[in-house]
Amino acid sequence: MAEEKGNGQGKTKMLDELEKGPWPSFVREIKKAATTSPVGADLLGLLEQSYEEKRTHWKHGGIVGVLGYGGGVIGRYSDMPEKFPNVAHFHTMRINHPSGWFYTSDALRTLCDIWERHGSGLTNMHGSTGDIIFLGTKTAELEPTFKELTEAGFDLGGSGSDMRTPSCCVGQARCEWACYDTMALCNDLTQNYQDELHRPGFPYKFKIKCSGCPNDCVASVARSDLSVIGTWKDDIQQDDAAVAEYAAAGLNVQKDVCDHCPTRCMDWDGKKLTINNRECVRCMHCINVMPKALRPGKEKGATLLIGAKAPILQGALLSSVLIPFVPAAELFDTIKELLSRIWDFWGEYGKNRERVGELIQRMGMPAFLDAIGLDPVPQMVSAPRDNPYIFFQAKEAKQ
Amino acid sequence: MGTPAATPPKRITDIGPPHFEKFLHPVIKKNYGQWKFHETLAPGVLCHVSETGERIYTVRAASPRLLSIQTIRLFADLADKYARGFLRFTSRNNVEFLLDDPAKIEPLKQELRAAGFPVGGTNNAISNIVHTQGWIHCHSSATDASGIVKCVMDALCDQFTEEKLPAKLRIALACCLNMCGAVHCSDIAILGIHRRPPKIQHDSLKRVCEIPTLISSCPTGAIRTATVDGKQSVEVIEEQCMFCGNCYTVCPAMPLSDPENDGLSIWVGGKVSNARSAPKFSKLAIPFLPNNPPRWPEVVDAVVNIVNVYAQNAKKFERMGEWIERVGWPKFFELTGIEFTRYHIDDFKNAGLTFARSAHIRF
């Protein structure tokens, strides 16, 4: 992208204020990128103007992409193309990240080299959904970037009404609490649904996030249409000697562990910790406090929850329980089967820009369960309904 | 590619991401699924111990998320020097170097700090602020994202490099209520808001938008057809508009940015973890703060105040929302000095769920 220097250089009085202070500065990052691309200088100029005027200078997106894909590129144009020609187009490319966001230095350098040749040299590591974000290029550079990315083994993520790149926590790669192989599941799902990722065919977006335990480090319960949260069915693994070591080292087992248990299912007599595992809700507090002494049980798997989303359109939703426990070994097949039924129903009844959680709100969870062939179980609710307006079905009436 | 081809080379598509396995440190590959426990050696430094006795050390550093290729190459060089070339990023945009030699922890930390990347973000610290694009890239933003994050974390950097809070504290920022990244379950959420209805561009509306789609996009039914100066267009019933911007998403002729009326709101007490209490939404603390670039002092002061009041009053292990639920919302407003207004009382769908439905009154 060898072009003339833009008009932004040296005129960023407000942005320069953001190079001060101990936290790493994004303005410094843009200035670094400006050493290898003319985009940086014009981006600074445009952004400085936004800071002065307190408004965005980006226009409503345009439809751009790579051949054969409907998603993965966010078209973006500025409203001042004459003043800042190098950011007249400033399209974003979303790239499927490797599960768990693991890299080698060489893999990162490969990505950097591609982006130096074809774009602004600015990235997000990573975007909110988890993708590698290449921030800012021109329409003509999309295909060449895509070609080099795929030759290097990378591919685009999703955007618009399609499946978005699934993401997961670090899982069994570096965490003793992971109740299933989050990275393998995330990778398998991403690979299995490449078509759904790249070619929008849904009523709206669909996100899957895989957390290995109820600590939910990828916030799946808040932001994924299908949340996969690791859990266990049997007893917490307990090492009494290690509990005693924590106590000897000064941990107040009664106050710091037992008193915070949401179901008060733990007793500490000063020597031995007794857990009534049948009353445990698997919240993780005791395990978090004593990682050397307590661990999730051995019968591992995950809880599947459905329907989280941010406020747009009808209000924010947290996911709610769909299947309380799926054994780890059955997760991939169960999710595949479940998704095909969910997507069939959503595809048929979902309105334009209606997330699956909102469809369930509109049509009712019981109707949704009927449609996907799941039996109701008490783990799905915090309490049974408290209103008597029951939609009894005619088929149950005596004729 | 060197050889003359009669047909163009096959276009590679739908290959997905590279398999993670080839990016795993040998110690991680060997001990995958066999981790036994972990301990924190210092803020930002973790040691995971395997059933085999092998150890992997993690050094976590802050990043502004918006990274130049120059900084990524710096991280790659540091990974080569200290971590056999292996590194990862976290769900909150921190960078983590994976070391098998504990002797290399201190030199790496020093080099990271010298390069301007604080080490920390673990356990009872404030980790990195997850955030959206703001004026860097977004058309619907009510504010910038990276700038506010920078200012807030400049003020709270010590809370990143130390673990001295009652529990972990997670801050998130979204530059409009589309909430890319879903900030609505954070201990503190900073949310850009619009406060004026869309400024309808009647001249272009019919040309660039489908009017039925536009009308049905409004969650409160505030948009109806209208003829303006002889042109087919729409009008917005102002008192029904809650400034969500969904109409602008489906129709570019409905921009609602307004420099003097756009600004920030602050929400508190959300969490996603199941530890102790169930996941919960953040609740409104401050309905409006002005957009005041480049340093947003009002927002920084508000967040720092909430963090300080929480740090001084919450009990060990209590997340923000758990503390507030224990002491009650009146106490939260009293201790923080934040004014309670009509905007704090919900009037959208299911509003009654947040009303006080008992005589358990706190004064």
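The GNM of chain B, with springs linking C-alpha atoms under 10 angstrom apart, assigns the highest mean-square fluctuation among B:249, B:13, B:58 to B:13. Summed over both chains, the accessible area lost when B and A associate is about 10200 Å², using a 1.4 Å probe.
Heavy-atom accessible area with a 1.4 Å probe sorts A:13, B:150, A:138, A:20, largest first, into A:13, A:20, A:138, B:150.
Of B:82, B:42, B:12, which is farthest along the charge dipole of region B:1-111 in the positive direction, counting Lys and Arg as +1 and Asp and Glu as -1 at C-beta? After comparing all options, I get B:12. Pairs spanning more than 20 Å between alpha-carbon atoms, out of B:199/B:231; A:11/A:138; B:164/B:316; A:20/A:59; B:30/B:109; A:209/B:29: A:11/A:138; A:20/A:59; B:30/B:109; A:209/B:29. Compute a Gaussian network model of chain A, connecting alpha carbons closer than 10 Å, and tell me which residue from A:386, A:344, A:256 fluctuates the most. Judging by the Gaussian network model, the answer is A:386. Placing +1 on the Cβ of every Lys and Arg and -1 on the Cβ of every Asp and Glu, with nothing else charged, gives region A:76-225 a dipole about its Cα centre of roughly 360 debye.
Straight-distance candidates among the aspartates and glutamates for linking to residue B:315, with alpha-carbon spacing under 16 Å and chain neighbours fewer than 8 residues away dropped: A:256, A:259, B:163, B:187, B:325. Helix A:105-118 and the longest principal axis of the Cα set of chain A meet at an angle near 40°. Accessible surface for region A:28-119, divided over its residues, is 31 Å² per residue with a 1.4 Å probe. Taking the average, over residues, of other Cβ atoms within 10 Å as the packing measure, peptides A:123-136, A:283-296 rank A:123-136, A:283-296 from highest down. Taking the protein heavy atoms of the protein assembly as shown in the context of the full set of protein chains, the accessible area attributed to carbon and sulfur is 52 percent at 1.4 Å. Among A:201, A:171, A:230, the largest mean-square fluctuation in a Gaussian network model of chain A (Cα springs under 10 Å) belongs to A:201. Anisotropy class assigned to region B:313-363 is prolate, per the alpha carbon gyration tensor with a/c at or over the 1.5 cut-off and a/b larger than b/c. Averaging Cα coordinates gives a centre for region B:116-131 and one for region B:298-341; these two points are 20 Å apart. Taking every protein chain into account, the 1.4 Å probe leaves residue B:217 with about 10 Å² of accessible area, to the nearest ten. Taking all protein chains as they are arranged and a probe of 1.4 Å, the heavy atoms of residue A:193 leave approximately 20 Å² accessible to solvent. In the protein assembly as shown, taking the dipole from charged Cβ atoms about the Cα centre, the farthest positive-side position among B:219, B:132, A:258 is held by A:258.
Just the accessible area per residue of region A:213-364, please: how many Å² with a 1.4 Å probe?
Numbers: 6200 Å² over 152 residues.
On a per-residue basis, 41 Å².
For the protein assembly as shown, a simple Cβ point-charge model (Lys and Arg +1, Asp and Glu -1, everything else neutral) yields a dipole of about 500 debye relative to the Cα centre. The overall shape of the protein assembly as shown is rounded: from the C-alpha gyration tensor, with semi-axes ordered a ≥ b ≥ c, the ratio a/c is less than 1.5. For region B:34-87 versus region A:303-363, the spacing of their alpha-carbon centroids is 35 Å. For region A:265-399, what class follows from the C-alpha gyration tensor (a ≥ b ≥ c being the square roots of its eigenvalues): rounded when a/c is under 1.5, otherwise prolate if a/b is larger than b/c, else oblate? Prolate, since a/c reaches 1.5 and a/b exceeds b/c.
Accessible surface area normalised per residue over chain B is 41 Å², counting heavy atoms of protein chains with a 1.4 Å rolling probe. Rounded to the nearest 10 degrees, the inclination of helix B:146-161 to the longest alpha-carbon principal axis of chain B is 40 degrees.
The values are calculated or read from the model by the stated rules, or taken from the named source; none is laboratory data. Predicted, not measured: the structure shown is a model, and the values here were computed from it. Heads up, the Cβs are rebuilt from the backbone with ideal geometry, glycines too, and the neighbour counts pull from every protein chain shown. Ligands, DNA and RNA are excluded from the accessible area calculation, which covers all protein heavy atoms including side chains. Shrake-Rupley method; radii C 1.70, N 1.55, O 1.52, S 1.80 Å.
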